1. Return the residues of segment 141-170 that are among the polar types (S, T, N, Q), more than 20 Å from the chain's Cα centre (by Cα) and within 13 Å of A111 (Cβ to Cβ); say none if nothing qualifies.
2. Looking at (1) under 24 Å from G62 (Cβ atoms); (2) not assigned by TED's automatic domain parsing to the domain that holds R64, which is the only condition G115 fails?
3. In this structure, is E142 within 14 Å of F98 (Cα to Cα), of a type in the set (D, E, K, R) and surrounded by fewer than 18 Cβ atoms within 10 Å (Cβ to Cβ)?
4. Do we have A181 as at pLDDT 95 or above and exposed (fewer than 13 other Cβ atoms within 10 Å of the Cβ) here?
5. May I ask you to verify whether S92 is over 22 Å from E146 (Cα atoms) and surrounded by 13 or more Cβ atoms within 10 Å (Cβ to Cβ)?
6. Given the criterion farther than 27 Å from A159 by Cβ and in a loop (DSSP other than H, G, I, E, B), identify the matching residue among E95, E89.
7. Somewhere in segment 110-130, is a residue closer than 26 Å to Q78 by Cβ and out of contact with any helix residue (DSSP H, G or I) (no Cβ under 7 Å at 6 or more places or on another chain)?
8. When K83 is evaluated against the numbered criteria (1) within 26 Å of D179 (Cα to Cα); (2) among the basic types (K, R); (3) surrounded by 13 or more Cβ atoms within 10 Å (Cβ to Cβ), which criterion, by number, is the only one it fails?
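The values are calculated or read from the model by the stated rules, or taken from the named source; none is laboratory data. Note that the structure is a prediction, hence the values are computed from the model and not measured. Cβ sites come from the backbone with ideal geometry, for glycine too, and all protein chains shown count toward neighbours.
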Amino acid sequence: MRIRIVTEGASEPFGINSVARDLFSPVHLEIISRTIKSLSSFFHDGATLMTTLYEARATVVGGREGHVRSDDGLLDLQLSMPKALGGKEEGSNPEQLFAAGYAACFQSAMAFVAGKQKIPLTGSQVTGVVGLLPQEVGFKLEVTLEVETEGLSQADAEALVATAHKVCPYSNATRGNIDVALTVKAK
């Protein structure tokens, strides 16, 4: 189990296992873990106790013109540059993978919020659009999430999407780093 203490405004969370694993025995780590859990209600300044729920691992060999494979083998793709960037477009690219991951995660966040708030969402579709832009040094990304909902008014759909944007891990990871535009269409 990996335990991290995250302080609001911190640039990086720190995990007790990343430092303490080499310093303490497993018995001592368990004692530290239980102590942190019991004291977590006393943390101030926005600190929270978090455990990693799931961790994905994928390895790329060859960069944008290479191959990506997840450790479980379920993701196993050839990568290539898109034609717009001078490539042959014989495989997928990082922007497509990011668009797919963000769209899937966002739709799940919408379903989660709808379930928790008893919102009568009867269907939805999320299309992720990821753009690659040049900047002064290197490149940056921009994202548009095109959301369509069924069973909701436009106002209710917009409220659901706004709340999902606060819940979605991709939205939380990109906030302040990548421009994300949300479009909402209620059917």
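1. Taking segment 141-170 first, the residues among the polar types (S, T, N, Q) are 144, 149, 153-154, 163.
Subset that is more than 20 Å from the chain's Cα centre (by Cα): 149, 153-154.
Once the filter is applied, which keeps residues that are among the polar types (S, T, N, Q), more than 20 Å from the chain's Cα centre (by Cα) and within 13 Å of A111 (Cβ to Cβ), segment 141-170 yields only T149.
2. Of everything listed in (1) under 24 Å from G62 (Cβ atoms); (2) not assigned by TED's automatic domain parsing to the domain that holds R64, G115 misses just condition (1).
3. On the way: within 14 Å of F98 (Cα to Cα): yes; of a type in the set (D, E, K, R): yes; surrounded by fewer than 18 Cβ atoms within 10 Å (Cβ to Cβ): yes.
Yes.
4. Details: at pLDDT 95 or above: yes; exposed (fewer than 13 other Cβ atoms within 10 Å of the Cβ): yes.
Criteria met by A181.
5. Working: over 22 Å from E146 (Cα atoms): no; surrounded by 13 or more Cβ atoms within 10 Å (Cβ to Cβ): yes.
No, not satisfied.
6. Details: E95 fails: in a loop (DSSP other than H, G, I, E, B).
Going through E95, E89 in turn, the sole match is E89.
7. Residues of segment 110-130 that are closer than 26 Å to Q78 by Cβ, as a first pass: 126-130.
Those still in the list that are out of contact with any helix residue (DSSP H, G or I) (no Cβ under 7 Å at 6 or more places or on another chain) too: none.
No, because not a single residue in segment 110-130 is closer than 26 Å to Q78 by Cβ and out of contact with any helix residue (DSSP H, G or I) (no Cβ under 7 Å at 6 or more places or on another chain).
8. Evaluating K83 over (1) within 26 Å of D179 (Cα to Cα); (2) among the basic types (K, R); (3) surrounded by 13 or more Cβ atoms within 10 Å (Cβ to Cβ) leaves (3) as the failure.
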